[in-house]
Amino acid sequence: MAGSLIVVAGPSGVGKGTLIRRVLEADPNLWLSVSATTRQPRPGEVDGQDYVFLSDADFKKLVESNGLLEWAEFAGNYYGTPALPVLNRISRGTDVLLEIDLQGVRQVRESMASARTVFVAPPSIDALTARLEARGTEDRAAIARRLAAAQSELEAAGEFDCVIVNDDIEVAVGQLLAWIHGDSA
């Protein structure tokens with residue numbers, strides 16, 4: 001039996017990464033797809049674990065050969081999901097998690113109609129603002145840009161198969177696992 005592609009998206013700061021890490025810890029049979037990028041590795045990042053680091057030429061070859069499920073350019077670099085590792089895992093019966101942005105979700109839906117989509121929402125905009133500010137990694141202007149993007153992402157939540165409000169991480173993990181395994185979320 002083939003596995004499923006489970007695509008997870010939501011606004012920056014909503015806790016997608018934490019949610020996915022916890023779900024992977026709870027179910028080691030799931031596999032997280034590693035995105036490809038043309039940006040340089042940051043200190044501590046490992047090729048093939050954090051990202052697959054590619055040259056512009058190699059990335060463009062993947063685009064031209066339809067070797068990506070989705071891709072986009074951001075801040076002068078390319079990012080995308082290599083199709084082959086995802087399709088190989090799915091064909092062997094593994095459920096694959098993919099964390100991408102809204103634009104990527106729409107592209108994946110066009111190329112893989114069977115993809116299952118999950119939107120992770122904050123309990124409120126105030127809670128999202130507090131989470132972004134608590135990170136301490138960005139100035140007020142950057143936070144304002146992320147919140148503006150979050151508004152349009154929240155408006156698209158109805159496009160997804162499942163919406164999980166990440167108010168309590170334990171509850172959100174349970175809901176996502178239940179939904180992945182066919183129970184209601």
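The values are calculated or read from the model by the stated rules, or taken from the named source; none is laboratory data. What you see is a predicted model, and the numbers here were worked out from it, not measured in a lab. Methodologically, a virtual Cβ is constructed for each residue, glycine included, from the backbone with ideal geometry; neighbour enumeration extends over all protein chains shown. Keep in mind that these areas ignore ligands, DNA and RNA; they rest on the heavy atoms of the full protein, side chains included. Shrake-Rupley method; radii C 1.70, N 1.55, O 1.52, S 1.80 Å.
Key figures for this structure:
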{"item": "Two-site label geometry, A57 and S124: point separation in nm, points 7 Å out along Cα→Cβ", "result": "5.5"}
{"item": "Residue-averaged [θ]222 nm for the chain, counting only DSSP H segments that reach four residues, each worth -39500 (n - 2.57)", "result": "-13000 deg cm²/dmol"}
{"item": "FRET efficiency, N77 to D161 (Cβ-Cβ, R0 30 Å, nearest 0.05)", "result": "0.50"}
{"item": "Label-to-label distance, nm, for residues given as T137 and N29 (7 Å Cα→Cβ offset)", "result": "3.2"}
{"item": "Length-normalised contact order of the chain in % [C-alpha pairs under 8 Å, at least 6 apart]", "result": "32"}
{"item": "Assigned charges on the beta-carbon of Lys, Arg, Asp, Glu; region 24-76 dipole about Cα centre (debye)", "result": "180"}
{"item": "Selection from I125, F74, G158 lying farthest towards where the dipole of the chain points positive, charges on Cβ", "result": "F74"}
{"item": "For the chain, fraction of C-alpha pairs farther apart than 22 Å, in %", "result": "48"}
{"item": "Accessible-area composition of region 22-72, carbon plus sulfur, in percent [1.4 Å probe]", "result": "48"}
{"item": "Amide N proximity, region 40-80 versus A149 label position 7 Å along Cα-to-Cβ, cut-off under 18 Å", "result": "40, 42, 51, 70-80"}
{"item": "Residues Q40 and R116, FRET efficiency given R0 of 30 Å [Cβ-Cβ distance, rounded to 0.05]", "result": "0.35"}
{"item": "Whole-Hz ³J(HN,Hα) from phi, Karplus 6.51 cos²θ - 1.76 cosθ + 1.60, for region 30-41, glycine and proline x", "result": "7, 10, 9, 5, 9, 6, 9, 8, 9, 6, 6, x"}
{"item": "Heavy-atom accessible surface of region 73-153: percent carbon and sulfur, 1.4 Å", "result": "51"}
{"item": "Region 47-134: Cα Rg divided by the 2.2 N^0.38 Å rule of thumb", "result": "1.28"}
{"item": "Average accessible surface area per residue within the chain, 1.4 Å rolling probe, Å²", "result": "53"}
{"item": "Cα centre as origin, Lys/Arg/Asp/Glu Cβ charges: the chain dipole, Debye", "result": "260"}
{"item": "Span from the region 49-80 Cα centroid across to the region 98-151 one, whole angstrom", "result": "21"}
{"item": "Given charges at beta-carbon only (K, R positive; D, E negative), |dipole| of region 48-110 in Debye", "result": "240"}
